[in-house]
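The values are calculated or read from the model by the stated rules, or taken from the named source; none is laboratory data. As the structure is a prediction and not an experimental result, all values here were calculated from the model. Cβ sites come from the backbone with ideal geometry, for glycine too, and all protein chains shown count toward neighbours. Keep in mind that these areas ignore ligands, DNA and RNA; they rest on the heavy atoms of the full protein, side chains included. Shrake-Rupley method; radii C 1.70, N 1.55, O 1.52, S 1.80 Å.
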Amino acid sequence: MTTAQALGARLRHLRKARQLTLSGLASLSGVAVSTISKIENGTLSPTLDKVLRLAEGLDLTIGQLIGDDDSENMSPNSRFAPSREGEGIVIDTKNYVYRYLCAELTNKRMVPIHARIKASSLKEFGPLERHGGEEFLIVMDGEVVVHSEFYAPVTLGRGESIYLDSTMGHAYVSAGDHDAEVFCICTEPQRLEKDDETEPSHPG
């Protein structure tokens with residue numbers, strides 16, 4: 001079973017377990033019914049913003065949506081999950097190849113992602129993406145242009161990084177002669193909201 005098919009099957013199982021129709025999940029997540037249907041059938045690999053929206057609509061973290069339920073009972077201070085080269089859950093989309101690391105941990109406060117950027121222009125990328133939380137990205141190889149909703153484009157070379165509010169429209173495109181390789185850490189928007197209720201000063 002491919003990754004897209006496995007994710008689709010898990011999404012369908014979680015949706016039905018909550019007795020939600022496709023239109024019900026669409027209403028809660030803001031993701032179109034046709035898109036959800038394609039994801040569940042394994043014919044569409046969802047972008048990060050779609051995964052986060054679906055997780056939010058199901059009242060789950062991204063780890064709970066794509067990961068392994070076995071870690072849910074782990075004590076918060078017992079987290080210890082090495083990630084070896086080639087491991088992780090791979091989602092191949094039009095603009096990025098995402099590799100979600102340490103996916104076996106479901107209730108993470110942050111989402112570590114190793115990614116390859118395929119789009120080489122904003123026109124090729126399409127509309128800017130946005131989702132809850134914040135993110136930090138560092139370029140591991142190649143050159144990346146960061147486009148955003150409110151700022152002029154910024155070019156980053158190897159070893160350079162950026163921190164941004166993920167609710168702002170943004171896009172990463174490769175600027176060099178080959179696909180750029182990056183490492184990105186995204187915070188869980190739901191987890192931030194819960195922490196803010198109990199610890200207003202906590203940054204996430």
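Laid out as a table, the results:
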item	result
Unmet criterion (only one of (1) within 21 Å of ALA55 (Cα to Cα); (2) open to solvent by 50 Å² or more (accessible area, probe 1.4 Å); (3) in contact with a Pro (Cβ under 9 Å, 6 or more places away or on another chain); (4) modelled with pLDDT of 95 or more) for THR167	(4)
Failed item in (1) free of Cβ contacts under 8 Å to residues at least 40 places away in the same chain; (2) open to solvent by less than 40 Å² (accessible area, probe 1.4 Å); (3) part of a loop (DSSP other than H, G, I, E, B), with SER83 passing the rest	(2)
The range 156-186: number of residues that are under 15 Å from ALA119 (Cβ atoms) and of a type in the set (Val, Ile, Thr)	2
The range 133-151 residues that are touching a residue at least 24 places away in the same chain (Cβ under 8 Å) and of a type in the set (Asp, Glu), paired with ones that are open to solvent by 70 Å² or more (accessible area, probe 1.4 Å) and not in a strand (DSSP E or B) (beta carbon under 8 Å, 6 or more apart)	ASP141/ARG158; GLU143/ARG158
Boolean, PHE136 is more than 11 Å from the chain's Cα centre (by Cα) and closer than 23 Å to HIS178 by Cα	yes
Tally of residues being among the basic types (Lys, Arg) and closer than 24 Å to THR61 by Cβ across the range 123-174	1
Total residues in the range 93-123, condition in contact with a strand residue (DSSP E or B) (Cβ under 9 Å, 6 or more places away or on another chain) and either aliphatic (A, V, I, L, M) or open to solvent by less than 80 Å² (accessible area, probe 1.4 Å) (or both)	21
Per-region count, the range 167-189, residues touching a residue at least 60 places away in the same chain (Cβ under 8 Å), under 16 Å from the mean Cα position of the chain (by Cα) and outside any strand (DSSP E or B)	2
Residue that is surrounded by the fewest Cβ atoms within 10 Å (Cβ to Cβ), among those in the range 1-53 that are free of Cβ contacts under 8 Å to residues at least 60 places away in the same chain and of a type in the set (Lys, Arg)	LYS16
Close pairs (6 angstrom Cβ cut-off, 6 or more residues apart or separate chains): outside any strand (DSSP E or B) in the range 92-103, open to solvent by less than 30 Å² (accessible area, probe 1.4 Å) and aromatic (Phe, Trp, Tyr) anywhere	ASN95/PHE125
